[in-house]
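Visitor: Let me give you the structure first, and then I'll get to my questions.
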Amino acid sequence: MAKKDYTQLADNVIKDVGGKDNIKNVIHCITRLRFYLKDESKANDDALRENSDVLDVIHASGQYQVVIGNEVSNVFDAVSKQLGADFSDGEQDITTNNDNDKRNPITRGFENLIGFITGAMSPVIGVIAAAGIIKGILALLTLPQLGSLLSSTSVLYITISAIADSAFYFLPILVGYAAAKRLNSDPIVAAVIGGVLAYPSLVNYGKAFKLMFEIGGFKFQFLNYTYSIFPMILAAYMAKKLSEWLKEHLPSYLQMIFNPLITVMIVSTITLVITGPIIQGFANGIADVINWLVNASGWLGGFVIGGFYQVLVIFGLHWGVVPLVAQQITGSGQSALNAIICSTMVSQGAAVLAVAIKSHKDKIKEVGFAAAISAFCGVTEPAIYGVNLRYRKVFISGLMGSAVGGLITGLMHGTMYGFTGSLIGFSSFFNPQHPTDLNSFYAFLLASAAALVVSFIATWFWGYNDNMEIGKKVDKKQRPGSKITTQTGTKETLSVPVEGKVIPLSKVNDQVFSAGTMGEGFAVEPTKGILRAPVDAEVTVAYETGHAIGLTTMAGAEILLHIGLDTVMMKGKGFDVKVKQEQFVKRGDVLVEFDIDAIKQAGYDPTVIVVITDPHGVDVATPVLA
């Protein structure tokens, strides 16, 4: 079969998210292209939703998410190829602290955390899931009920087990590398720090809780960080911040060697001595509490979690659960929560399968069967966005089945020993330590069968028929507190951004500005070197040289503030930038402090130019044009 060409789809997606110039970065998870856009209002949600290859569009976690489904990796490759090398390696830095971003701090922090988790965990999930399947199959092959087809002491078993365990054993390295890419920092430095945590000698010390040193009766011990996630995520963040500080304070000729040397030494030490033990203990505690709550609540907890988990998937919030499940499995070797989640995947697959079988519409059948297979393999987004949510009763039918499946799992106290869920994850219900203990496997069989039957029957008799009118795809979730929205017809007034004499652009000694080629505006002959924000806005461009600042007003107009003529040649000398890109500023906030005398002594004109480069339909009034 010829491989499908995704070039046209990639071209359409790039165009409908606002074009290449509107894209800061793009990553992908199992089913979604996750864009970081400069201005989400430039994206055409309706055009994307009308594309037959796009399942839906979602605004969440500070990302513009285009739901593709199973072909997301191919589409991502096509998009990356068109965007070019500038977008292929970098990851969006989510750590920028926008002091003037007035979203609720809790909301902002939660969205940044989810975004960070998505970027740090997405590349790792696949190998963890694969490793879990391998370990489950090994446990299955050692079952006495099957004749012990494979001995746990054989060379073959030990070799394959090592292949599977490597993903967990070296998890700090994988997480560190992925987290650093997400933070737009040095992934090799982070991977080395992860290597420190997974170094065999230190691992042996950790297993024995060997004493490092003692201060005032307080003992500092080694811990085992293989199979760990959260300590390395914080370590990657610390490495980024320390490396940035060193770049500012170390001479350039010392950067290559001493920046990574100091970063690895300090961050590794802090992680081993302080943050690692605290975070690992806290994370294991949370994981144990969740396992206890799920087990203690029995059928009730299973019923509630099973009935509502897939709702989280609609908004991409299930990624907040992923590290908790991973922590449970890597810490205690099992996850009762994941066992309940498993049946929710089966139920949504059964619901869309019923639609595919019952429908006489070719398009519904094509999408339905493909989505059912995907759901039974552990990925429910194609089913949810492609069919189930568009016929809301189908989605609800799936929730009915998953509630029953969760109830049975909780009632039988089923648990999982691997990460992969749904039908393909059957091997994850075999206990590697006690292969003869089949309680969880029986719980899986009964819960999956119940979820499948209930969802299928509910959909067949109540949830779907061909006479139903297909609904719109799920409504987008606006990013809470998002401020920049184009408001055509809105009027905004610019203040004079610097003390001095206001003059028309036509008097500026530069043909491009004076002719209005860049746009309308005004200029100021400054008497004091402090540039302030002329309007409430977001800083969209902040040159390191300090000679220019780009703003996008709250109504969507784009403003350029340019200090002097040809001052870029000063390479930042005499300029002190006070803001960062993506920071929100209020009218009057200081943007740049600059030395007027230094500019004149360098032979340049210090005139400050204010240009409305793109009003986007906003009526922008200026001191000259008023």
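Visitor: With every atom except the alpha carbons ignored, what do you get for Rg and Dmax of region 491-621, in angstroms?
Guide: 13.4, 41
Visitor: Here is a further query. Run the helix sum for the chain: -39,500 (n - 2.57) per DSSP H stretch of 4+ residues, divided by residue count, reported at 222 nm to the nearest 500 deg cm²/dmol.
Guide: Roughly -15500 deg cm²/dmol at 222 nm, from the helical runs in the chain.
Visitor: I've got another one for you. Which distance in nm do the two modelled labels at LYS580 and LYS501 give, with both placed 7 Å along the Cα-to-Cβ direction?
Guide: About 4.0 nm, to one decimal.
Visitor: For LYS586, list the aspartates and glutamates whose Cα falls under 12 Å from its own Cα; do not include residues on the same chain fewer than 8 positions away.
Guide: ASP99, ASP101, ASP536, GLU538
Visitor: List the lysines whose Cα sits under 25 Å from the Cα of LYS135, skipping any in the same chain fewer than 8 residues away.
Guide: Of all the lysines, those that pass the test against LYS135 - Cα under 25 Å, at least 8 places apart if same chain - are LYS207.
Visitor: So, one more: Using only Cα positions of region 297-462, each an equal point scatterer, no hydration layer, compute I(q)/I(0) via Debye at q = 0.15 Å⁻¹ and quote the log10 values to two decimals.
Guide: -0.71
Visitor: Can you list, bin by bin at 5 Å, the percent of alpha carbon pairs in region 349-412, starting at 0?
Guide: Reading the bins upward from 0: 4, 20, 28, 24, 12, 7, 3, 1, 0.
Visitor: To continue, here is another question. Which residues does a label at TYR157 reach in region 417-461, if reach means a backbone N under 16 Å from a point 7 Å past the Cα toward the Cβ?
Guide: 430-437
Visitor: How far apart, in nanometres, would the label points at VAL568 and LYS241 be if each is projected 7 angstrom from Cα along the Cα-to-Cβ direction?
Guide: Modelled inter-label distance: 3.4 nm.
Visitor: Could you estimate the translational diffusion coefficient of region 6-83 from the Stokes-Einstein equation, with Rh from the Kirkwood formula over C-alpha pairs, at 4 °C and 1.567 mPa s, in whole µm²/s?
Guide: Estimated diffusion coefficient is 109 µm²/s.
Visitor: Heavy-atom accessible area per residue, region 107-281, 1.4 Å probe: how many Å²? Working shown, then result.
Guide: Numbers: 8500 Å² over 175 residues.
Result: 49 Å² per residue.
Visitor: Turning to a different aspect of this structure: Among all the aspartates and glutamates, which ones have a C-alpha under 17 Å from LYS4's C-alpha, if same-chain residues fewer than 8 places away are not counted?
Guide: ASP53, GLU71, ASP77, GLU366
Visitor: So for the pair TRP299, TYR169, with labels modelled 7 Å out along Cα→Cβ, what separation do we get in nm?
Guide: 4.4
Visitor: Of the heavy-atom accessible surface of the chain (probe 1.4 angstrom), what whole percent is carbon and sulfur?
Guide: Looking at the chain in its full context, I get 60 percent from C and S.
Visitor: Could I ask something else about it? Could you order VAL568, VAL321 so the one with the most accessible surface comes first? Probe is 1.4 Å.
Guide: So the residues, ranked largest to smallest area, are VAL568, VAL321.
Visitor: Enter the Cα centre distance for the pair region 432-447 and region 171-216, rounded to the nearest angstrom.
Guide: If we compute the Cα centre of each part, the gap is 34 Å.
Visitor: Between THR493 and ASP605, what is 0.36 nm times their sequence separation minus the Cα-Cα distance? Round to one decimal in nm.
Guide: Values: separation 112, 0.36 × 112 = 40.32 nm, distance 2.64 nm.
Result for the pair: 37.7 nm of gain on full extension.
Visitor: Could you work out the relative contact order of the chain? I mean the mean sequence separation of Cα pairs under 8 Å and 6+ apart, divided by the number of residues, in percent.
Guide: Relative CO of the chain lands at 12 percent.
Visitor: Continuing with the same structure: Enter the mean projected area of the convex hull around the alpha-carbon atoms of the chain, in nm², rounded to one decimal.
Guide: Details: hull surface 137.4 nm².
Across all orientations, the chain yields a mean hull projection of 34.4 nm².
Visitor: Another question about this same structure. Hey, what's region 297-462 come to in accessible area per residue, 1.4 Å probe, Å²?
Guide: Counting only protein heavy atoms, the per-residue value for region 297-462 is 34 Å².
Visitor: Then there's this: Using Cα-Cα distances under 8 Å and only pairs 6 or more residues apart, what relative contact order does region 107-281 have, in percent?
Guide: Contact order relative to length: 19 percent.
Visitor: Once Rh for region 107-281 is found with the Kirkwood sum over Cα pairs, what is the Stokes-Einstein diffusion coefficient at 37 °C and 0.692 mPa s, in µm²/s?
Guide: Result for D is 183 µm²/s.
Visitor: Placing +1 on the Cβ of each Lys and Arg and -1 on the Cβ of each Asp and Glu in the chain, which of MET345, ILE23, HIS616 has its Cα farthest towards the positive end of the resulting dipole?
Guide: Result: MET345, furthest along the dipole toward the positive end.
Visitor: For the chain, list the DSSP H helices whose alpha carbon atoms reach 27 Å or more along the long axis and whose average Kyte-Doolittle value is -0.5 or above? Intermediate results must be reported in sequence, preceding the final value.
Guide: Values: long enough: 105-141 (51 Å, 1.43); 230-249 (29 Å, 0.07); 276-314 (36 Å, 1.12); 336-358 (34 Å, 1.53); 392-411 (29 Å, 1.13); 439-458 (28 Å, 1.81).
TM-like helix candidates: 105-141, 230-249, 276-314, 336-358, 392-411, 439-458.
The values are calculated or read from the model by the stated rules, or taken from the named source; none is laboratory data. Computed from a predicted model, the values in this text were never measured in an experiment. Positions of Cβ are backbone-derived with ideal geometry, glycine not excepted, and every protein chain shown enters the neighbour counts. Remember, those area values only see protein heavy atoms, side chains included, never the ligands or the DNA or RNA. Shrake-Rupley method; radii C 1.70, N 1.55, O 1.52, S 1.80 Å.
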